[in-house]
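What follows is a set of notes on a single structure, which appears directly below.
The values are calculated or read from the model by the stated rules, or taken from the named source; none is laboratory data. In this text, all values refer to a predicted model and were calculated from it rather than measured experimentally. Cβ sites come from the backbone with ideal geometry, for glycine too, and all protein chains shown count toward neighbours. Surface accessibility is based on the protein's heavy atoms, side chains included, excluding ligands, DNA and RNA. Shrake-Rupley method; radii C 1.70, N 1.55, O 1.52, S 1.80 Å.
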Amino acid sequence: MSFAFGIGIGTQNNQGEWLEVYYQQPIMTPGKDLIDVVETALDYKGGNQAIDVKAEQLTRFANALRQLGQTDQAKLAEKAAESKRPVVVTVLATDDTASSTPEVYLKLHLISHRLAKPHSVKLDGIFGLLPNLAWTNEGAVDLNELPERQLQARIEGRTLEVKSVDKFPQMTDYVVPKGVRIADTARVRLGAYVGEGTTVMHEGFINFNAGTEGTSMIEGRISAGVMIGKGSDLGGGCSTMGTLSGGGNIIISVGENCLLGANAGIGIPLGDRCTVEAGLYITSGTKVNLLDDNNEQVEVIKARDLAGKNDLLFRRNSLTGAVECKTNKSAIELNEELHANN
Ligand SMILES: CC(C)(COP(=O)(O)OP(=O)(O)OC[C@H]1O[C@@H](n2cnc3c(N)ncnc32)[C@H](O)[C@@H]1OP(=O)(O)O)[C@@H](O)C(=O)NCCC(=O)NCCS
């Protein structure tokens, strides 16, 4: 059983190097019969390979796919045969470290199509394989070729709009998963996992290899590697600490039915039904006063010792400034109307 497969249409620069690839219908764990067809029709030699394919090969490939009963993939191959852009067929026999741009794009697609969960796909080394590009209203452009393209557009009476300059494109130019609302599409990168029932408001952000399990209201930032459980809300401008730059090794996550208040932040994973007061940033070394139900101090511990525990309310005492933790008596009930996506 192979790991993944996809027929992609992409962009190359003037040197013929891949810039990005769009896989409309990637497949997770494709069957042996499908891979056999790739072998026969496209001379696939096994292993992880991104095969550049020409129109006539695609027509043959489409016929073979149709005979196999892979109607959707056959239709896709037929359409790809007419593409004005280069076409690639990518087979990942295993989930090894990627070795080409088309391979990385296939992995990111698997996550955004909800075929694979964040952390379940090997993504190390991907930065070196993702070129920093100008994402324009005419697609991805190599930065070295941008001035020429801008001039050409002006000469032809058009403006080339550069929407972003980044290694990752916005997810919605590749896939819009079912049952989501995203107010500002630039804030969700390809490789994000946006669970069904999620609303991402304008201040919300979801990085690659991160996301939400299900119904959530996201008005804060979900850093790379962070997963948010069903029914949890991220308040306006709040922050979840990633592990990419100085955030430490602990993988941050939020359990179910939690609330991170506006401008709050977490550097520890939260269990279920936890609340963090608006404006309070808990890092793993933050010293916390544990309070009983009568607000009497029980002990002082570090926040990391509370990592993953359920039913906690964190607040900064407005009189003393000390960070306190109590049992969360009023786990949030999500506003049904606010969270209705469909
Ligand atoms: C932390 C939080 C959840 C506490 O809310 P709560 O549980 O409803 O608590 P209440 O405001 O009813 O206060 C309960 C008691 O604790 C006290 N209290 C609340 N916050 C306190 C603080 N930071 N320091 C000291 N006392 C505090 C209250 O004064 C009240 O005292 P009382 O029993 O003497 O009347 C709330 O302040 C909060 O930050 N919510 C986040 C909302 C948010 O940002 N949503 C996202 C929007 S985008």
Determine the calculated [θ] at 222 nm for the chain from helices alone, applying -39500 (n - 2.57) to every DSSP H run no shorter than 4 residues and normalising by the residue count; nearest 500 deg cm²/dmol.
-5500 deg cm²/dmol
Evaluate the distance, in nm, between pseudo-label points positioned 7 Å from the Cα of residue 84 and of residue 115 along their respective Cα→Cβ axes.
2.8
Beta carbons within 10 angstrom, averaged per residue: use that to sort the peptides 101-114, 160-173, highest first.
101-114, 160-173
If you build the convex hull over the alpha carbons only and average its shadow over all orientations, what do you get for segment 61-182? Give it in nm² to one decimal.
10.1
Could you tell me the calculated FRET efficiency between residue 305 and residue 25, based on Cβ-Cβ distance and R0 = 45 angstrom, to the nearest 0.05?
0.45
Among 30, 147, 131, which one moves the most in a GNM of the chain with springs linking Cα atoms closer than 10 Å?
147
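If you roll a 1.4 angstrom probe over the protein chains with everything in place, what fraction of the accessible area of the chain belongs to carbon and sulfur, to the nearest %?
Looking at the chain in its full context, I get 47 percent from C and S.
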If I take the Cα coordinates of segment 152-306 and project them onto the principal axes, what are the three extents in Å, biggest first?
73, 32, 23
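Sorted by average packing, counted as other Cβ atoms within 10 angstrom per residue and highest first, what order do 176-182, 310-316 take?
In descending order of packing, they fall as 310-316, 176-182.
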When segment 4-131 is reduced to its Cα atoms, the Kirkwood hydrodynamic radius in Å:
14.6
Which of 117/230; 287/309; 302/326; 32/54; 117/163 have a Cα-Cα distance over 19 Å?
32/54; 117/163
Residue-normalised value, i.e. accessible area per residue, for the chain at 1.4 Å probe, in Å², stands at 46
Under 16 Å Cα to Cα from residue 79, which aspartates and glutamates show up? Leave out anything in the same chain fewer than 8 places away.
52, 56
Give, in nm to one decimal, the length gained when the segment between residue 262 and residue 56 is fully stretched (0.36 nm per residue of separation minus the Cα-Cα distance).
68.6 nm
Peptide ranges 227-236, 49-58 listed from the most packed, as the mean C-beta count within 10 angstrom indicates:
227-236, 49-58
Would you mind computing, in nm to one decimal, how far apart the modelled labels at residue 137 and residue 320 are, each placed 7 Å from Cα along Cα→Cβ?
5.9
Select from 156, 39, 219 the residue whose mean-square fluctuation is largest in a Gaussian network model of the chain (Cα-Cα springs shorter than 10 Å).
156
What the 20 Å binned alpha carbon P(r) of the chain shows, as percent of pairs per bin from 0, is 29, 48, 21, 3
Accessible area of residue 40, 1.4 Å probe, to the nearest 10 Å²?
120
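For residue 67 and residue 164 in one chain, what is 0.36 nm times their gap in residues minus the Cα-Cα distance, to one decimal in nm?
30.7 nm
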Taking R0 as 25 Å, what FRET efficiency do you get between residue 122 and residue 146 from their Cβ-Cβ distance, rounded to the nearest 0.05?
0.20
About the Cα centre of segment 147-235, what is the dipole size in debye to 20, counting +1 per Lys and Arg Cβ and -1 per Asp and Glu Cβ, all else neutral?
160
Would you mind checking segment 97-132 for residues with the amide N under 16 Å from a putative spin-label position 7 Å along Cα→C-beta of residue 17?
99-105, 126-132
